[in-house]
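The values are calculated or read from the model by the stated rules, or taken from the named source; none is laboratory data. Remember, predicted model here, so these are calculated numbers, not experimental data. For neighbour counting, all protein chains shown are included, and Cβ atoms are generated from backbone atoms with ideal geometry for every residue, glycine included.
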Amino acid sequence: MTNRFVIGSGANFNLIRKSNSFLKLKLTGGIDYYNNESTLYFPEYLQFTVGRQDGLYSRGNNVTFNTNASAFLIYNTSFNQIDLTSSVGVNRLDQSRELLTTQVQQLVSGQANLQQGGALSVFNRKLDTQDIGYAAQQEANWQDKIIGTASIRLDKSSLNGDPNKLFAYPKFSLAANLANFEFWNVESINQLKLRAAYGEAGGVPNPNPVTLAQSKFTILGATNTGGNTGSVIGAIQGDPNIQPERSKELELGFDIGLLNSRINLEATYYNKTVEDLILQASLPPSSGFTNLVTNLGELKNTGVELALNANVVNTDKVKWSTNLNWWKNVSELTRLDVPAFNPAGGGFGTGLGTVRLEQGKSLTQIVGTKGSATVQELGNTAPDWEMSWNNSVTFLKNFSFSMLWHWKKGGENINLTGLLTDFGGSSYNYDQIISTGERLGDARIAAFFSGQNAALYVENSEYIKLREISLYYSVPKTVLTSMFKDAIQRVRIGVSGNNLLLFSDYSSYDPEVSNFGSGGVLGGVEVTPFPNSKRMFFHIEVGF
Amino acid sequence: MKNTKTYFILTITVLLSLFSCEIEETVDPNQPSADGVLKNATIGQLNELVTGILASTSSGLGVYYEVAGVVGRDVYRFDTADPRYVGDLMGTGNLDNSAFYTNTSYAQRYATIKTANILIEACQNTPVLTAEQVEGYLGFANTLKAFELLNVLNQQYDNGIRIEVADPLNLGPFTANAAEALAQIATIFSEAAVHNAAAGNSFAFDLTSGFETEADADSFTIPANFGKFIKALQARVELYRGNFAQALTFVNQSFIDESGNFNLGVYRVFANASGDRVNPLFFPQNTNGTTRLAHPTWLTDAIPGDLRLSKATIRNEVAETADLVATHDAFRYTSNTSPIAIIRNEELLLIKAEALIQTNQFADAKTIIDLIRVDVGGIGVYTGPLASPEMIDELLFQRRYSLWDEGHRWIDMRRYNRLDELTIDRPGDSVIPQLPRPFNEIGVQGG
């Protein structure tokens, strides 16, 4: 059961109001209370608890209470046709969380009560954080021809090692709408905007989402022996001087609108560096710790994004708009203060292929054993580039059709499903006879044991997918009116599907799945996962 | 105009109140933190570290003793989920530097050492203790630290170990070999002895029942008797170093009791309580599948009628896996709360006997060996020659039966260069001299 109350309020005070300028105070504040109660009951007769927990009953109560408050002074004036807006202010965010779960096992028959069982265990974690930020911003807009912004934020947070140290994050942006200038006389190009922006942003050291452990603390764990309670060193070394990550991004681009914006092209190049990257690295166990969480590296991402939108056909009978996106990203770990290591969730070690964080290498490189058992780079889970193509067509007045294609070019997966099915003798091409007269599966297994190991199962995962396709028919308004008067406003019926078509040479079911979720370095490892399902829907929508 | 003024005052009040916000230094709301005890610790916090060190000393022991027992051919360890006990550890091929047998005990021993290092720093950084109390904490912490370093060394041996590990980001070097490590461990023990000698009449902390004895006056919970425990461990280290005269001096200063009382000593204790741990070496008799078994040669090599053979009990059905067959369960530990010795009198007697043999005092050595043979084994007195190689053979034989399944056989045979005398059970097996250095000590380059 979940209870949530969100209250927000704001007030604007106009302090000065003149014909071409104003000064106002903007106050906002909010409270967010979130309470999540859980009850879990596995009766003692359930097969999977018999002889193990012998029944399990748990009650949980998680409370989150957040407040925020901000005050900004905003001043606007015009000067020589330049619209100037200045603002300065402060905001504060307080978060408080408490997780509490009580659980008993070995239930008395038929009883769902915390007193009617044994092996009582309690999970209780708290987190209180405060974040305070000061901000100042100046905007200047010259008749929508040139727009510039400069701002700075000063942030501090209780999650940082020094809670009162301020970290400054400047931002600048400049855009020029060339088509808005008087000299512009190219009829067919109705918009040409050049953009440049540079911004810095901070990422505070986030607490562990489950244990709420904060990276700044080196904990002492509870233990006991001989009836006394004791403290022992925790497994993870914290850093009392941990700082927020700092990202610095330079973005350059242009937007072109052709033929009265029937065709739009947006192009962006970015170069984003993350300094003081927070990583959990392995420590030598002789330190007494197994891991260390702190600012350990620097990451660089560079990339290009292109978007083309076009209303290809725009007539009364048929409208077809298409949207083509193309993007590419290249990452490099430019600094790593500890020896290269294999991050958790990046695979199962070099014998089977793993993602490895290593200075000077891509964040998503796959390394593993090959040939004479030396560990080497075998691939990269990140694609060379990706492309999506979205189309929507309306025709015969009331029909609409859309489809979304996705093309991932290049990139590799660690396909351990291939390894397992080879061991099981059930790979689809296991029995294929190769030139040596052997069966292909036998040859692969022999190669695996002779040191080829991981290299055999790092596989290209390029694909083209039809992600979404749909066809709808809207019942004409005239028909609805004649049949239902005004009772029914809108009726739409249709069919749609997800993941219906896949074109790929990848040998397992789906090149897109991963054993460890996606994002960061977690993609691209598969161990007999459930593939993305193909789904078909039939829709009837009625609007009253 | 008046309104404007009011607004300005309001604005400035609101802004100032927000701007002046200081964030308070927070402490971890969920558990004590290491930094929190390093300065101005209370006696309660220091004593929680003492208990933590003792609890940590009892953790991760299963793997430590399985390695020593399997490699030293005291026991077989069968595990339905892990073939490496009857594979890697019996020397069938390469050892894995990231396997559980390499890492589990290693990391746990160093976690104890880390907690001991925190106690060493914390007890010197608080105003609540008397000088004698500080010495008590230092004596205890250094003793347990040196003991855990010795346990790491027992498995790493000539790989060397790190001694200086107080600063996690600036760890000290590995010792060049086992001898250098033993010398440094001996130094830490002697520092511990000096601190303990200055600790007055009582400690500011409680120890577990593993430090208590039947006669209260003998309990190792007061500095005077704790000092005898340190001497006992120092005697073991000097024996391992081959400094037999020094070992004899230390063993005579220890709690050695030549009138018997063979189990007098200091133990790691176990309990079924929540948060505590049970003896990992205990398996009920006649367990099938995952279980511990007496190595067949330990039974066949024995003198018939030796009472010490009761530490292994005959099974209803033989246990068999991977071409290994065992008829007897290892039943050295008869319940899951049986304590495991850190050091006890029976070992001290054997240390003394060995030191006497090595310093050519054969008749005195025979007295002690006969005490063990008759009073513990129920076998007749030693009748062999009073001379060196024969009496060393006899001594190692007595250690094999007296200290069986207490992690000694592998170490004893290694220090006498006799690993080749241990049984090879199957073609292709071998006796591994030491475990590899853990993967994460090397860094993944080249791994």
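Of the strands (runs of 3 or more DSSP E) lying entirely inside segment B:255-356, the ones with 3 or more residues being under 30 Å from B:THR51 (Cα atoms) and among the hydrophobic types (A, V, I, L, M, F, W, C) are found at B:340-344. Mind telling me which of the residues B:ILE118, B:ILE161 ends up being more than 26 Å from B:LYS39 (Cα to Cα), out of contact with any Gly (no Cβ under 6 Å at 6 or more places or on another chain) and buried (at least 21 other Cβ atoms within 10 Å of the Cβ)? When all the criteria are applied, what remains is B:ILE161. Only a single criterion out of (1) touching a Lys or Arg at 6+ places or on another chain (Cβ under 6 Å); (2) buried (at least 17 other Cβ atoms within 10 Å of the Cβ); (3) on the phi < 0 side of the Ramachandran plot is not satisfied by A:ASN224, namely (1). When segment A:393-404 is filtered for residues that are polar (S, T, N, Q) and either within 27 Å of the chain's Cα centre (by Cα) or under 27 Å from A:ASN460 (Cβ atoms) (or both), only A:SER402 remains.
Filtering segment A:67-77 to residues that are hydrophobic (A, V, I, L, M, F, W, C) and either over 29 Å from B:GLU22 (Cβ atoms) or within 10 Å of chain B (Cβ to nearest Cβ) (or both) leaves A:ALA69, A:ALA71, A:PHE72, A:LEU73. For A:THR64, the stated conditions do not hold, so it cannot be described as more than 25 Å from A:ASN208 (Cα to Cα), among the β-branched types (Val, Ile, Thr), more than 14 Å from chain B (Cβ to nearest Cβ) and assigned to a strand (DSSP E or B).
Looking only at segment A:235-252, filter to residues that are surrounded by fewer than 19 Cβ atoms within 10 Å (Cβ to Cβ) and more than 14 Å from chain B (Cβ to nearest Cβ); which one of those is farthest from B:TYR106 (Cα to Cα)? If we take residues in segment A:235-252 being surrounded by fewer than 19 Cβ atoms within 10 Å (Cβ to Cβ) and more than 14 Å from chain B (Cβ to nearest Cβ), then A:LEU252 is farthest from B:TYR106 (Cα to Cα).
Considered as a group, the residues in segment A:127-178 that are part of a strand (DSSP E or B) and among the charged types (D, E, K, R) include one that is farthest from the chain's Cα centre (by Cα), and that residue is A:GLU139. Among the residues of segment A:120-156, those that are acidic (Asp, Glu) and either out of contact with any strand residue (DSSP E or B) (no Cβ under 7 Å at 6 or more places or on another chain) or surrounded by 15 or more Cβ atoms within 10 Å (Cβ to Cβ) (or both) comprise A:ASP128, A:ASP131, A:GLU139, A:ASP155. Say whether the condition of being touching a strand residue (DSSP E or B) at 6+ places or on another chain (Cβ under 9 Å), at pLDDT 90 or above and more than 26 Å from A:THR149 (Cβ to Cβ) is met by at least one residue in segment A:66-81. The answer is yes, given that some residue of segment A:66-81 is touching a strand residue (DSSP E or B) at 6+ places or on another chain (Cβ under 9 Å), at pLDDT 90 or above and more than 26 Å from A:THR149 (Cβ to Cβ). Taking segment B:37-71 as the range and being small (Gly, Ala, Ser) and either touching a strand residue (DSSP E or B) at 6+ places or on another chain (Cβ under 8 Å) or touching a residue at least 60 places away in the same chain (Cβ under 8 Å) (or both) as the test, the residues that pass are B:ALA41, B:GLY52, B:ALA55, B:SER56, B:SER58, B:SER59, B:GLY62, B:ALA68, B:GLY69. Look at segment A:484-503: where a residue is under 23 Å from A:MET403 (Cα atoms) and a partner is assigned to a loop (DSSP other than H, G, I, E, B) and modelled with pLDDT of 80 or more, sitting 6+ places away or on another chain with Cβ atoms under 6 Å, you get A:VAL491/A:VAL475; A:ASN499/A:ASN532; A:ASN499/A:LYS534; A:LEU500/A:LYS534. Taken over segment B:22-46, the residue count meeting the criterion of being in contact with an Asp or Glu (Cβ under 7 Å, 6 or more places away or on another chain) and either more than 7 Å from every other protein chain (Cβ to nearest Cβ) or among the hydrophobic types (A, V, I, L, M, F, W, C) (or both) is 1.
Taking segment A:428-481 as the range and being acidic (Asp, Glu), farther than 30 Å from A:ILE540 by Cα and in a strand (DSSP E or B) as the test, only A:GLU459 passes. Within segment A:351-362, residues that are free of Cβ contacts under 8 Å to residues at least 24 places away in the same chain sit with their Cβ atoms under 6 Å from residues that are assigned to a loop (DSSP other than H, G, I, E, B), at 6+ positions apart or across chains, in these pairs: A:ARG356/A:ALA340; A:ARG356/A:ASN342. Filtering B:LEU182, B:LEU207 for residues that are under 30 Å from B:ALA271 (Cβ atoms) and crowded, with 16+ Cβ neighbours inside 10 Å leaves a single hit, B:LEU207.
Where helices (runs of 4 or more DSSP H) sit wholly within segment B:27-78, those with at least 3 residues that are more than 30 Å from B:GLN285 (Cα to Cα) occupy B:34-38, B:43-57. Hey, any hits in segment A:271-284 for a residue that's within 14 Å of chain B (Cβ to nearest Cβ) and hydroxyl-bearing (Ser, Thr, Tyr)? Yes. The condition of being farther than 28 Å from B:LEU171 by Cβ and either among the hydroxyl-bearing types (Ser, Thr, Tyr) or within 13 Å of chain B (Cβ to nearest Cβ) (or both) holds for only one of A:VAL210, A:VAL232, that being A:VAL210. Of everything in segment A:356-371 that is basic (Lys, Arg) and under 21 Å from A:PRO383 (Cβ atoms), the residue that is farthest from the other protein chains (Cβ to nearest Cβ) is A:LYS361. The residues of segment A:78-136 that are within 12 Å of another protein chain (Cβ to nearest Cβ) and charged (D, E, K, R), listed by number, are A:ARG92, A:ASP94, A:ARG97, A:GLU98, A:ARG125, A:LYS126, A:ASP128, A:ASP131. Note on segment A:197-210: residues that are surrounded by 15 or more Cβ atoms within 10 Å (Cβ to Cβ) and either closer than 29 Å to A:VAL63 by Cα or of a type outside the set (D, E, K, R) (or both) total 8. Somewhere in segment B:50-70, is a residue charged (D, E, K, R) and within 14 Å of another protein chain (Cβ to nearest Cβ)? The answer is no, given that none of the residues of segment B:50-70 is charged (D, E, K, R) and within 14 Å of another protein chain (Cβ to nearest Cβ).
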